[in-house]
Amino acid sequence: MENIITEEKSRIQRQFHWLNERGCRLQVRERGGENFIDTITAELTVTRIAPHFDASGKIIRTDFWLLWKELGYQEGFNYSHTIKVVNISVDDTLTAQSGGSEINAWLIVELTDDLDRIYNLEMIEPVSEPAHAKQWEAWLAFRKNNRDLFQRIDSEILAEHIKIAEDWQ
């Protein structure tokens, strides 16, 4: 069972390949409402999964907990968020090499959380979103120039958000 969970968690994490590699615009709204968050994510990390099985033991779907960090998350814990994803709608993918295999990683995906909020994630497209692409590139340079700081912060945030996911009711 542990191997199944590890493999499924890794499979889901790989789907975020392009969103993590090239930057991601994230918009959040209540169902039927207007966006109340419109940001660029620094990183998307699957922290926990809850697979659902059919009678024969085959995984039919997987809920998962996702840690998403906004650009500037080094300024405080309020820029890092965990959600429980209960539904996924993929609008576009692109082939990528990830985890030693070829996958169709997400470019545009809509996630629904357990509170029925909608999270629209789209890979930043430099040609049509030059301002966002510039922000992303500046972020990558800043992060690279402050590697030690981010190593410490990332470790602290990940530990805290794994605990949040594990304690989720």
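Nothing in this text is a laboratory measurement; each read-out follows from the coordinates by a stated rule. These numbers were taken from a predicted model, which means no experiment stands behind them. For neighbour counting, all protein chains shown are included, and Cβ atoms are generated from backbone atoms with ideal geometry for every residue, glycine included.
In Å, what is the Rg of the alpha-carbon atoms in the stretch 2-167, and how long is Dmax?
16.0, 51
Could you please report the charge total around ASP154, scoring K, R as +1 and D, E as -1 over all other residues with beta-carbon less than 13 angstrom from its beta-carbon?
Local charge sum for ASP154: 0.
Under 12 Å from the Cβ of GLY99, count the other residues' Cβ atoms, weight Lys and Arg +1, Asp and Glu -1, and hand me the total.
Here the count lands on +1.
Suppose the chain between ALA131 and ASP54 were pulled fully straight at 0.36 nm per residue; how much longer would it get relative to their current alpha carbon spacing?
Working it through step by step, the gained length comes to 23.1 nm.
Would you mind telling me which residue in THR45, THR95, THR82 has the biggest mean-square fluctuation in a Gaussian network model of the chain, where springs connect alpha carbons within a distance under 10 angstrom?
Maximum among the listed residues: THR95.
Between the alpha-carbon centers of the stretch 6-52 and the stretch 90-169, tell me the distance in whole angstrom.
The two parts, judged by their Cα centres, are 6 Å apart.
Quote the relative contact order of the stretch 2-167 in percent (integer), defining contacts as alpha-carbon pairs under 8 Å separated by 6+ residues.
Relative contact order here is 23 percent.
Name the lysines eligible as straight-distance cross-link partners of LYS9: C-alpha to C-alpha under 21 Å, and not fewer than 8 places from it in the same chain.
Once the sequence-local lysines are set aside, what remains near LYS9 is LYS58, LYS69, LYS84, LYS163.
Between beta-carbons, use under 12 Å as the cut-off and find the net charge around GLU8, counting Lys and Arg +1, Asp and Glu -1.
+3
Most mobile of SER56, SER80, SER101 per a Gaussian network model of the chain (Cα springs, under 10 Å)?
With Cα springs under 10 Å in the chain, the top fluctuation among SER56, SER80, SER101 is at SER56.
Given the options ARG11, ARG31, ARG48, which has the most mean-square fluctuation in a GNM of the chain, springs set between C-alpha atoms less than 10 angstrom apart?
ARG31
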